[in-house]
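Report on one structure; see the data block that follows.
The values are calculated or read from the model by the stated rules, or taken from the named source; none is laboratory data. Please read all numbers here as calculations on a predicted model, not as lab measurements. Note: ideal-geometry Cβ built from the backbone for every residue, glycine included; neighbour counts use all protein chains shown. What goes into the accessible areas is simple: the full protein's heavy atoms, side chains included, and nothing from ligands, DNA or RNA. Shrake-Rupley method; radii C 1.70, N 1.55, O 1.52, S 1.80 Å.
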Amino acid sequence: STISKNSLKTSLLQLECHFTWTLLKQHVSLESLEETVIDHIKFFTEYNIIDYNILSYVCHLKNSYEEALRNLKKAEEAVQKLYPGEIARKSLVTWGNYAWIYYHMQRYEEAQTYVSKVENSCKKLSSTAHGKIQLPEIYAEQGWASLRFGNHYFERAKNCFENALKSEPDNPDFNAGYAIAMYRLENLAERYCEEMRPCLEALKRAVELNPKNSTLMALLALELQRLGQADEGERYIAEALQITPGFPVFLRHAANFYRRKGEVDKAVEILKKALALTPKSISLHHQLGLCYRFKVLQLKRRRYASQEEVENLIQLAIFHFKTVVDKKPTFVSAHNDLANAYALAKRYEEAEEIFQEVLQRNNVSCGDKQETYFHYGNFQHSDMNSESKAIKYYIEGLKMEKDSYGRKKCRQAVETLLNQKIESGLGDATDIGTLGLVHNLNGEKQKAIECYEKAIALDPNNEEYQNALFELQLSI
């Protein structure tokens, strides 16, 4: 019997699985996501079901359907091994993914078989379900998948874990996911100057319920460090090092802790150990690049630094940042890091090329672009010796209204530059007028008016300043 494609599609859209959770491939780089998940499988058997399901979805995004099916088979094997008594309940997402993949392969009979499997299981599991079922572990699985797909999805991940926790408030896994989502949201809020929702309590609770989870202990340590309680944080790092001395994700966070503490050599040692275990990890390469750059800047402050050592460290930083950028083109701040490393090596054309490429992209978030304008302005100022271009690019960053860490840095940089010039007596009408524009972009209307009035006193025929002043006076 031929199955009507339309009615099949309608049933498919009712399923709770990766295909109906709108996880979009433009938000990730598939290669690095795939490597991250494969590394996770090596170290975390209890998450295998979730990981194999994500892998099958990634294979679909790469149009590798046979491989997608192989991963779903592994997910099924994991269910049989870990939950022999609850096979149907723990397989709903896997079966939903099967149905979608067979549908994409135009094997409609098999797709229908899996749709029916899900529908029948849901009827047995819940008297009220109409094909859709609200199981806490399905919310959690959507939460874990959302965390994997990057910052656009962190808010959703938090909501998924919150929903799961409604029915099982003491579930260790749901609390772990919730705390990780809260931690990442707090980091994002800090970067985009938004209101921060504290994650300390969520992390403490998650560590209490998962006393052997070294990743959570490391995140708690980083959070304590951020709040100025580094000594207490370090106790968690030390304890976690005892529990999992050879787990790369934890080692990465531990290295981050020591780098922020200024113990860069210790961080490098830990990162090398982690990289030996998971040589393809993007974040390890990125962290190593940051450590080597830190060491370069440290050496440059000394009076008698060995030039050879400095060159060598710059080369290492370039190598690691380049690895990141090649594997994960969406990682904008790593592009800025690489461009800055090229500038340190006096390879100015390569630096210029990277900055231009990022600034010409149209799919870059506002905050990322503002950060790039800030770094590009610095490059123009200190490497190209062009104050006027530096000012121009800082202002481009300011013209993007959304508040962010990058915008704040642009603002500080351009105000410092202009004020230094004006106070030293070298500032002309243009500099004072530009400062007026900066104040205006920051909503400081009274200060802007004062600047425009001074600029007009120096350059009475300048229409631009007269118009700007007129508009400001109207708007007050």
**Asked** Considering the dipole of the chain built from charges on the beta carbon (Lys and Arg +1, Asp and Glu -1) around the Cα centre, which of Leu82, Ile314, Cys193 is farthest to its positive end?
**Response** Leu82
**Item:** Under 18 Å from Lys204, Cα to Cα: lysines that are on another chain or at least 8 residues apart
**Value:** Lys158, Lys212
**Full-extension gain in nm, Leu359 to Asp265, via 0.36 nm per residue minus C-alpha separation** = 30.4 nm
**Message:** Quick check: convex hull over the Cα atoms of the stretch 331-476, volume per residue in Å³, rounded to an integer?
**Reply:** 115
**Message:** Quick check for you: with a 1.4 Å probe and neighbouring chains kept, what is the accessible area per residue of the stretch 428-475, in Å²?
**Reply:** 57
**Approximate shape of the chain as ellipsoid semi-axes (Cα gyration tensor, √5λ), whole Å, largest first** = 48, 28, 22
**Item:** Cα-based helix-to-principal-axis angle, 172-191 vs the chain, degrees rounded to 10
**Value:** 20
**Complete:** Taking 357-365, 264-272 and ranking on average Cβ neighbours within 10 Å, highest first, one gets 264-272, 357-365
**Message:** Place a point 7 Å from the Cα of Leu125 along the Cα-to-Cβ direction; which residues of the stretch 71-103 have their backbone N under 15 Å from it?
**Reply:** 76, 79-80, 83-99
**Message:** Compute and list, largest first, the equivalent-ellipsoid semi-axes of the stretch 224-363 from the alpha carbon gyration tensor, each √(5λ) rounded to a whole angstrom.
**Reply:** 28, 19, 14
**Message:** Straight-line reach only, C-alpha to C-alpha below 19 angstrom: list the lysines that Lys346 could link to, leaving out same-chain residues fewer than 8 apart.
**Reply:** Lys295, Lys300, Lys322, Lys389
**Request:** Provide the FRET efficiency to the nearest 0.05 for the Lys42-Arg226 pair, computing r from the beta carbons and using R0 = 35 Å.
**Result:** 0.70
**Request:** Can you tell me which of 143-151, 464-472 comes out highest on packing, and rank the rest after it, using the mean Cβ neighbours within 10 Å?
**Result:** 143-151, 464-472
**Item:** HN-Hα J in Hz across the stretch 332-337 - Karplus 6.51, -1.76, 1.60, θ = phi - 60°, x for Gly and Pro
**Value:** 5, 5, 5, 5, 4, 4
**Accessible surface of the stretch 5-130 [probe 1.4 Å, protein heavy atoms]: carbon and sulfur percent** = 50
**Complete:** Taking 0.36 nm per residue of separation between Arg197 and Glu471 and subtracting their Cα-Cα distance, the length gained on full extension comes to 94.8 nm
**Asked** If you count, for each residue, the other Cβ atoms within 10 Å and average over each peptide, how do 291-302, 207-218 line up from highest to lowest?
**Response** 207-218, 291-302
